[in-house]
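Participant: First the structure, then my questions, so here it is.
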2 protein chains.
Amino acid sequence: MAQTSSNELSRFLRRLHAVREYTQEPISEDVIQDILEVGRWSGSSANKQPTEIVVIRDPELQSKFGEWGARPAATAGVVFLIVSGSEANAFDEGRLAERLLLGAAAHGLGSTVATLKGEGPAAAKQLLGIPEDRRAIFVVAVGHTDVEARRARKPNPEARKPIEQFAHWDRY
Amino acid sequence: MAQTSSNELSRFLRRLHAVREYTQEPISEDVIQDILEVGRWSGSSANKQPTEIVVIRDPELQSKFGEWGARPAATAGVVFLIVSGSEANAFDEGRLAERLLLGAAAHGLGSTVATLKGEGPAAAKQLLGIPEDRRAIFVVAVGHTDVEARRARKPNPEARKPIEQFAHWDRY
């Protein structure tokens, strides 16, 4: 990355934050494809590539995801449902989710992780034709950030613990 | 990110790949701190921030990690051990790991995820003073890429399945 400084890239990575308020502005298929390419190059344990994505743009389907606990999915421009083999793939799912969030941020889009709760995973699998033995819990919702709605919200609760509580040097 | 184009950022994200061959060139503490800052801003379920890091730079400790199954840790410039509460945090651990890998890549460093196997997690926890009830399996090894050693290796096995097998549109 000769043309982009380490500082710019670090700042880009640090600045990622959850956005749950979206405008109705559509997201082009080119941008969705680009985010998917970022996701496709996700690393995985022994390069087994246990994860897949279902891209959801149907507003009715998205509403259902909202009802199933993944609330931001209802108003997102596009929803990526992460499908994998089992709970043993949760670490790789997390790696993929982070890439999708960052891939969206590269296009100036807001995003968040949301989860299907209760009967949500089973209902989603049935509706989307995903085999019962697959796992489908985590969702990445992406949309154009609604700046006004975000501003009207309570102050940003996305604090992080101080570095001294996060990182230990050489010993715990 | 006005000064960095979407294309550059997407390419930066797509280009991340596992590097397991490192030179002995040291990594400055500033760079380690910057990677940790990227990690610290990792998102987590309900912002519970269940993950912590132990930064390991002691060559003897790193050798032990190599013996415990996390082979690339032995020759890395720095090793980040991810500590969390339980297997339920695996998704958040994956998100954090991806950020550490990308944080290292922002500085032009090579990196890979490795895992402690068998008795590795218990032994590591004992040696580093991590409480027994904490989880410590995943490691991110970081170093200056040994370009010669990489070139001498067998052709890069890091293929990915084609996009048609990775992404499904609207239905599975």
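Bear in mind that the values in this text are calculations on the coordinates, not laboratory data. The structure presented is a predicted model; accordingly, all values stated were derived computationally and were not measured. Every residue, glycine as well, gets a Cβ built from its backbone with ideal geometry; the counts of neighbours run over all protein chains shown.
Participant: Just flag the GluC sites (Glu not before Pro) in region A:64-172 sitting in loop per DSSP whose Cβ has no more than 16 other Cβ atoms within 10 Å.
Facilitator: Of the GluC sites (Glu not before Pro), the ones in loops of region A:64-172 whose Cβ has at most 16 other Cβ atoms within 10 Å are A:E119, A:E132, A:E158.
Participant: Check the axis relating chain A to chain B and name the residue of A whose C-beta is nearest, distance in whole Å.
Facilitator: That would be A:G94, 1, residue then distance in Å.
Participant: Here is a further query. Determine, from the Cβ-Cβ distance of B:H17 and B:R57 and an R0 of 30 Å, the FRET efficiency 1/(1 + (r/R0)^6), rounded to the nearest 0.05.
Facilitator: 0.80
Participant: Which lysines does B:K161 reach when only Cα atoms under 28 Å apart count, and residues fewer than 8 places away in its own chain are ignored?
Facilitator: A:K48, A:K125, B:K117
Participant: If we hang a label 7 Å off Cα along the beta carbon direction at A:R150, how far is it from the matching labels on the other copies, in nm, shortest first?
Facilitator: Listed shortest first, these distances are 3.4 nm.
Participant: Label region A:44-116 by shape, choosing from rounded, prolate and oblate, from the square roots a ≥ b ≥ c of the eigenvalues of the Cα gyration tensor; if a/c is under 1.5 it is rounded, and otherwise prolate applies when a/b is larger than b/c, oblate when it is not.
Facilitator: Taking the square roots of the gyration eigenvalues as a ≥ b ≥ c, region A:44-116 is oblate.
Participant: For region B:119-167, what is Rg from Cα atoms divided by 2.2 N^0.38 Å, rounded to two decimals?
Facilitator: It is 1.87.
Participant: For A:I35, A:I82, A:I137, what ranking results if the residue with the fewest other Cβ atoms within 10 Å of its Cβ goes first?
Facilitator: If I rank by nearby Cβ atoms, fewest first, I get A:I137, A:I82, A:I35.
Participant: Related question: Which residues in region B:108-127 place their backbone N less than 19 Å from a point set 7 Å from the Cα of A:S6 along the Cα-to-Cβ direction?
Facilitator: B:108-112
Participant: Tell me, A:L116, A:L101 in order of fewest to most beta-carbon neighbours within 10 Å?
Facilitator: A:L116, A:L101
Participant: Rg(Cα) of region B:1-86 divided by 2.2 N^0.38 Å?
Facilitator: Taking the Cα Rg and dividing by 2.2 N^0.38 Å, one obtains 1.31.
Participant: Calculate the mean, over all residues of peptide A:36-48, of how many other protein chain Cβ atoms lie within 10 angstrom of the residue's Cβ.
Facilitator: 6
Participant: For chain A, which DSSP H helices look membrane-span-like by this rule: Cα extent along the axis of 20 Å or more and mean Kyte-Doolittle of at least 0.0?
Facilitator: Going by DSSP H runs, the hits are A:90-106.
Participant: Given the DSSP H assignment, sum -39500 (n - 2.57) over each helix run of at least 4 residues in chain B and divide by its residue total; what's the result at 222 nm in deg cm²/dmol, nearest 500?
Facilitator: Theoretical 222 nm ellipticity from helices: -11000 deg cm²/dmol.
Participant: Could you tally the net charge around B:P131, taking each other residue with its Cβ under 12 Å from the Cβ of B:P131, Lys/Arg +1 and Asp/Glu -1?
Facilitator: Summing Lys and Arg as +1 and Asp and Glu as -1 gives 0.
Participant: Still on this model: Which length gain, in nm to one decimal place, applies between B:E132 and B:W169 when the Cα-Cα distance is subtracted from 0.36 nm times their residue separation?
Facilitator: Contour length minus Cα-Cα distance gives 8.9 nm.
Participant: Have a look at the protein assembly as shown and give its Rg and Dmax from the Cα atoms, expressed in angstrom.
Facilitator: Every Cα atom of the protein assembly as shown included, Rg and Dmax give 19.5, 57 Å.
Participant: Over region A:76-115, with a single point scatterer placed on each C-alpha, what log10 of the ratio I(q)/I(0) does the Debye formula yield at q = 0.18, 0.24, 0.29, 0.35 1/Å?
Facilitator: -0.52, -0.83, -1.07, -1.30
Participant: With springs connecting C-alpha atoms under 10 Å apart, model chain A as a Gaussian network and identify which of A:A159, A:A88, A:A97 has the largest mean-square fluctuation.
Facilitator: Sorting by GNM fluctuation, first place goes to A:A159.
Participant: Provide, as a two-decimal number, the C-alpha radius of gyration of region B:18-152 over 2.2 N^0.38 Å, N being how many residues it has.
Facilitator: In units of the globular-protein estimate, region B:18-152 measures up at 0.99.
Participant: Now, a different point. Can you put B:W41, A:W68, A:W169 in order of Cβ neighbours within 10 angstrom, beginning with the fewest?
Facilitator: By the 10 Å Cβ count, ascending: A:W169, B:W41, A:W68.
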